[in-house]
Amino acid sequence: MNNSLPWKLIFQTKAVINWVEGILLLFCDRWIRDLLATEPLANPEYSQLFYGLVLIIGIGYWWVAEDIDHNYGIIKLGVLAQYSVFAVLAYHVLLGNLHPFFLISGVLDLTFAILFTLFLYSDNRVKT
């Protein structure tokens, strides 16, 4: 594949974003919510589980970057996860349950979900 370097960089970039977001939100969620004057979570263990999974999914994106032609399953799972993260965050921002600040991460996920979808459908990588 003659254009794999740009895609490799895209997957590596998303891996690093996941790691930074996961660590930042895992350790600073309470501080961020205080700064935004929003209520603390009633069950912080759920967000901690989610942020831990964000870190793990980042490892998956790094694996994709290392072997871009043999990890389509990880990419497909990542696409579904990213679209769902955006949908859930947007829904709760629209309902007023969540500060719009948290939608930044959702917009990043939406952007990369679109990029990953383009990757999967470029050069007939996805077989129907």
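What follows draws every value from the coordinates through simple rules; no lab data is involved. Everything quoted here is computed from the prediction, not taken from an experiment. Heads up, the Cβs are rebuilt from the backbone with ideal geometry, glycines too, and the neighbour counts pull from every protein chain shown.
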ask   = For the stretch 22-52, which residues satisfy the criterion of being in contact (Cβ under 8 Å) with a residue 12 or more places away in the chain, out of contact with any helix residue (DSSP H, G or I) (no Cβ under 6 Å at 6 or more places or on another chain) and within 30 Å of Asp67 (Cβ to Cβ)?
value = Ile23, Gly52
remark   = Filtering the stretch 3-52 down to residues that are closer than 24 Å to Leu115 by Cα, surrounded by 14 or more Cβ atoms within 10 Å (Cβ to Cβ) and of a type in the set (Ser, Thr, Tyr) yields Thr13, Tyr51
task = Output the residues belonging to the stretch 72-128 that are loosely packed, with under 12 Cβ neighbours inside 10 Å and acidic (Asp, Glu).
result = Asp123
note = All conditions in (1) touching a residue at least 60 places away in the same chain (Cβ under 8 Å); (2) surrounded by 13 or more Cβ atoms within 10 Å (Cβ to Cβ) are true of Asp69 except (2)
inquiry  = Among the listed residues Leu110, Leu94, identify the single one that is within 16 Å of the chain's Cα centre (by Cα) and among the aliphatic types (A, V, I, L, M).
reply    = Leu110
